[in-house]
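> Have a look at the structure that comes next, please.
The values are calculated or read from the model by the stated rules, or taken from the named source; none is laboratory data. Remember, predicted model here, so these are calculated numbers, not experimental data. Here the Cβ positions follow ideal geometry from the backbone for every residue, glycine too, while neighbour counts run over all protein chains shown.
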Amino acid sequence: MSAQALAVPAPLTAAPGDRRARPSREERRIARRLRDADPRGLEELYALHGRAVFGLLVRLVRDRATAEDLQQQVFTEAWRRGTEYDPRRAGLLTWLLTIARSRAIDHLRRRIPEPHDPAGAARLADGAAPDAGADQ
């Protein structure tokens, strides 16, 4: 995946009065549709920011299939919480990336840690006690 594909637009948290601080007309329309539970809002949100969300998730969880699952969770949550979105607090992308980061952290916390000792993992898989063979 190219660096350009993962590029994230400039944040909307500029200084007061700075034109970049205002959400675009497109983002305002999408936010309105999300608040109104209009399915087109979700479609447009995904079209606008789906790649950026996926790129962040791939970098965080380092697995494309898991990132796809988490991306679905992110957009499902955005749909459910669309009425809570406040454009005065953050842009849509910032809001989505915050949700994505939270879902990735939740996923990483739930994972079973991988053993650092491959021989120990093999012994555990064979049903041996964890310290069986430690004296060998």
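> Tally up the residues in the stretch 80-107 that are farther than 17 Å from E44 by Cβ, modelled with pLDDT under 95 and exposed (fewer than 15 other Cβ atoms within 10 Å of the Cβ), please.
4
> Turning to a different aspect of this structure: For R62, which of the numbered conditions (1) touching a residue at least 24 places away in the same chain (Cβ under 8 Å); (2) on the phi > 0 side of the Ramachandran plot; (3) charged (D, E, K, R) fails to hold?
Failed condition: (1).
> Mind listing just one residue for me: the one in the stretch 33-64 that is farther than 20 Å from R109 by Cα and among the basic types (K, R) and, of those, surrounded by the most Cβ atoms within 10 Å (Cβ to Cβ)?
R33
> Tally up the residues in the stretch 65-79 that are surrounded by fewer than 20 Cβ atoms within 10 Å (Cβ to Cβ) and either in contact with a Pro (Cβ under 7 Å, 6 or more places away or on another chain) or in contact (Cβ under 8 Å) with a residue 40 or more places away in the chain (or both), please.
Here the count works out to 2.
> Against the definition (touching a His at 6+ places or on another chain (Cβ under 8 Å) and either assigned to a helix (DSSP H, G or I) or not acidic (D, E) (or both)), how does T66 come out, yes or no?
Yes: the conditions hold for T66.
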